[in-house]
């Protein structure tokens, strides 16, 4: 392939740009047929260039396209630039195979972005010679900059690229100071939005995910997201976006995917006030931390009034020493956990608690402690996931040096995998695998839990959701290696 540096692109010329979400053949979300999220990162980038170029988004996952289908689309559209999403380590094999097939078919510039790409740009370029450029950091305007400077890549911040068989990493791109300056993500470029939904974490359809803030002040060892600082959209921007989704696209529910939506209580309160005052007919769920809500029962009450019906809490471990060893600062103490979840129950907000078994410092005894604590809580749903030392994280280096770590098993580097890739000293991978399966059985198939779920059914949509939940966890418990 000719050097990208020698490809003269006339500044201002309209180019064909194709963004691709690869087909996820592995159970990234346990059952990919039932869970599908709009690719917000690609939609955000597309929104910044769609007025100046011919832009298409090909979601091969939601459209269930084969590699052959993708290559046919590329041949017909004949894009100058192809952008491919690699959000998780688990996607690498699929992304690499797709990039290699594209390069065999035609000479086009391939850019890869996403969370895993951002965390490990040099690694992706080393492992796949068909990738030309990898973006890292906040990439909203990186592609826009790239399209203007393809003949001068050294001037583009936030990219890593190959030049004369050497990998060059440019300076990081400055963090966006005002997120409200960004256009709404270009979800109109996706297939029918009604095709996207979460398998069971919804009350009404159609539903999609949104992001209202970036970053997190906590320093959990296992977290794969590298973001400095915390910045966010204003309450007015968030409300206007929700209003646009509801009134223009017919979306009835949103899942707020922020790492910690409730971090700034006053901001959440203002968003809720706007929804309530303007009588916006929308339901929503969010991710939050116990610490962010520990002193504000009234905010939980207002969230319910504004349409919140479900909160996901990362609870991680019930053992204080394990929490401290893994820099998990978002859990003040177990009594506070019970207090906040009790408030949620009081105002009829459902709660999912996520626990990690097999963290550094865990023993069989501390894992039993965590599972017992989970069973003591009035949760609607629970995760017992395995820790994943993602490449590029400090956890990855620790895992290499201690315990058991299958560092090249990319296909199971997902918190939703049933096969652990890491186990701390004193615990075997096989024991972890068996204990996870048993933990789900102990939690979900208790008569008291089943009765509580049955009594909470209020609609036919609830019946459909609980049927999906029951089927999913029955597979998780009773089918080997699901």
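The values are calculated or read from the model by the stated rules, or taken from the named source; none is laboratory data. Predicted model only: the values in this text are computed from it and were never measured. Note: ideal-geometry Cβ built from the backbone for every residue, glycine included; neighbour counts use all protein chains shown.
Of all residues in segment 150-188, how many are loosely packed, with under 14 Cβ neighbours inside 10 Å and either assigned to a loop (DSSP other than H, G, I, E, B) or touching a residue at least 60 places away in the same chain (Cβ under 8 Å) (or both)?
Total satisfying the criteria: 10.
Any residue at all in segment 136-147 that is surrounded by 19 or more Cβ atoms within 10 Å (Cβ to Cβ) and modelled with pLDDT of 95 or more?
For segment 136-147, residues surrounded by 19 or more Cβ atoms within 10 Å (Cβ to Cβ) and modelled with pLDDT of 95 or more: absent.
Among the numbered conditions (1) modelled with pLDDT under 90; (2) under 29 Å from residue 265 (Cβ atoms), tell me where residue 205 comes up short.
Status for residue 205: all satisfied but (2).
Just checking, which of 366, 467 is over 30 Å from residue 91 (Cα atoms), free of Cβ contacts under 8 Å to residues at least 60 places away in the same chain and outside any loop (DSSP other than H, G, I, E, B)?
366
Conditions (1) modelled with pLDDT under 90; (2) within 27 Å of residue 410 (Cα to Cα); (3) over 16 Å from the mean Cα position of the chain (by Cα), marked per residue:
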{"residue": "33", "(1), (2), (3)": "yes, yes, yes"}
{"residue": "41", "(1), (2), (3)": "no, yes, no"}
{"residue": "46", "(1), (2), (3)": "no, no, yes"}
{"residue": "51", "(1), (2), (3)": "no, no, yes"}
{"residue": "65", "(1), (2), (3)": "no, yes, yes"}
{"residue": "77", "(1), (2), (3)": "no, no, yes"}
{"residue": "83", "(1), (2), (3)": "no, yes, yes"}
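Touching a helix residue (DSSP H, G or I) at 6+ places or on another chain (Cβ under 8 Å) and without any contact (Cβ under 8 Å) to a residue 60 or more places away in the chain: which single residue out of 217, 206 fits that description? Write out each step before concluding.
Details: 217 fails: touching a helix residue (DSSP H, G or I) at 6+ places or on another chain (Cβ under 8 Å).
Of the residues listed, the single one that is touching a helix residue (DSSP H, G or I) at 6+ places or on another chain (Cβ under 8 Å) and without any contact (Cβ under 8 Å) to a residue 60 or more places away in the chain is 206.
Would you check if there is a residue in segment 3-15 being within 25 Å of residue 415 (Cα to Cα) and at pLDDT 90 or above?
The answer is no, given that none of the residues of segment 3-15 is within 25 Å of residue 415 (Cα to Cα) and at pLDDT 90 or above.
Residues that are within 21 Å of the chain's Cα centre (by Cα), surrounded by 15 or more Cβ atoms within 10 Å (Cβ to Cβ) and within 16 Å of residue 352 (Cα to Cα): does segment 293-307 have at least one?
Looking for residues that are within 21 Å of the chain's Cα centre (by Cα), surrounded by 15 or more Cβ atoms within 10 Å (Cβ to Cβ) and within 16 Å of residue 352 (Cα to Cα), one finds none in segment 293-307, hence no.
Quick check on residue 206: is it touching a strand residue (DSSP E or B) at 6+ places or on another chain (Cβ under 8 Å) and surrounded by fewer than 21 Cβ atoms within 10 Å (Cβ to Cβ)?
When the stated conditions are applied, residue 206 passes them.
For every residue, the table says whether it meets (1) free of Cβ contacts under 8 Å to residues at least 60 places away in the same chain; (2) surrounded by fewer than 19 Cβ atoms within 10 Å (Cβ to Cβ); (3) under 25 Å from residue 90 (Cβ atoms).
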position: 194; (1), (2), (3): yes, yes, no
position: 197; (1), (2), (3): no, no, yes
position: 212; (1), (2), (3): yes, no, no
position: 222; (1), (2), (3): no, no, yes
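Can you pull out every residue in segment 404-429 that is assigned to a loop (DSSP other than H, G, I, E, B), within 14 Å of residue 356 (Cβ to Cβ) and more than 23 Å from the chain's Cα centre (by Cα)?
424, 427
Spot the failing condition for residue 387; the list is (1) closer than 20 Å to residue 337 by Cβ; (2) more than 23 Å from the chain's Cα centre (by Cα), and only one is missed.
The number of the failed condition is (2).
Please enumerate the residues belonging to segment 369-398 that are free of Cβ contacts under 8 Å to residues at least 24 places away in the same chain and either in contact with a strand residue (DSSP E or B) (Cβ under 9 Å, 6 or more places away or on another chain) or outside the structural domain of residue 428 (by TED's automatic domain parsing) (or both).
396
Criterion first (out of contact with any helix residue (DSSP H, G or I) (no Cβ under 7 Å at 6 or more places or on another chain) and modelled with pLDDT under 95) does residue 356 satisfy it? Give the steps one after another, and end with the answer.
Values: out of contact with any helix residue (DSSP H, G or I) (no Cβ under 7 Å at 6 or more places or on another chain): yes; modelled with pLDDT under 95: no.
When the stated conditions are applied, residue 356 does not pass them.
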